[in-house]
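The values are calculated or read from the model by the stated rules, or taken from the named source; none is laboratory data. Computed from a predicted structure; not experimentally measured. Here the Cβ is made from the backbone with ideal geometry for all residues, glycine too, and neighbour counts use every protein chain on show. Note: accessible area is taken over every heavy atom of the protein model, side chains too, but ligands, DNA and RNA are not part of it. Shrake-Rupley method; radii C 1.70, N 1.55, O 1.52, S 1.80 Å.
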Amino acid sequence: MKELLKLIEKNARYKVKDLADLLGEEESEVRGKIEAAEKQGVIAGYHTIINWERSDVEITKAIIFVNCVPEREMGYDRIAERIARYPEVENLYLISGKAEFLLEVNGKDMREVSNFVAHKLAPTDGVTGTETMFVLKGYKKNGIDMHNEKEDGERLLVTP
């Protein structure tokens with residue numbers, strides 16, 4: 001199952017037949033595993049990786065550290081549920097280190113992201129502080145080199 005999930009994670013457009021060939025399994029077996037993983041929530045969705053810098057769409061991304069106080073008997077879960085409801089929040093992680101949460105946020109511009117932080121995120125119950133960093137340029141996303149100019153399949157030059 002692990003190999004199947006890794007393949008799908010890298011390329012959700014694989015045909016079941018191709019996955020079966022790569023894994024040395026029957027198509028029906030692979031199809032059954034995928035369906036079971038979807039029902040169990042192991043496969044939570046299928047996404048396309050967009051290189052926004054190459055599009056004509058303006059988008060501003062920010063990474064935000066959020067400090068908060070855990071709630072009795074609920075820990076950080078209820079605070080995370082509140083933060084996750086905001087449509088601006090693309091990803092939300094409970095982390096160790098200088099803050100409790102790391103958020104990845106999208107907006108049309110810096111002002112929109114700043115307004116989100118000031119008017120929605122910071123006043124959220126349990127949030128005690130935020131630190132916002134704007135993404136200036138993305139180089140790699142989900143294992144994909146976003147600025148790779150070489151043709152697909154072309155190998156990198158190896159020198160001694």
Towards the positive end of the charge dipole of segment 73-131, with charges on Cβ (+1 Lys, Arg; -1 Asp, Glu), say which of Phe101, Tyr86, Gly75 has the farthest Cα.
Tyr86
Over segment 1-149, with the other protein chains present, what is the accessible area per residue in square angstrom, probe 1.4 angstrom?
70 Å²
Express the carbon and sulfur contribution to the solvent-accessible surface of the chain as a percent, rounded to the nearest whole number, probe 1.4 angstrom.
50 percent
Among Met74, Met133, Met146: highest mean-square fluctuation, GNM of the chain, C-alpha pairs under 10 Å:
Met74
What are the radius of gyration and Dmax of segment 46-117, computed over its Cα atoms and given in Å?
14.1, 47
Per 0.36 nm of contour for each residue apart, how much would the distance between Glu26 and Thr48 grow if the chain were fully extended, relative to their Cα-Cα spacing?
5.2 nm
The chain, Cα convex hull volume normalised per residue, Å³:
188 Å³
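I need the peptides 47-53, 75-81 ranked by packing, meaning the mean over residues of other C-beta atoms within 10 angstrom, with the highest value on top.
75-81, 47-53
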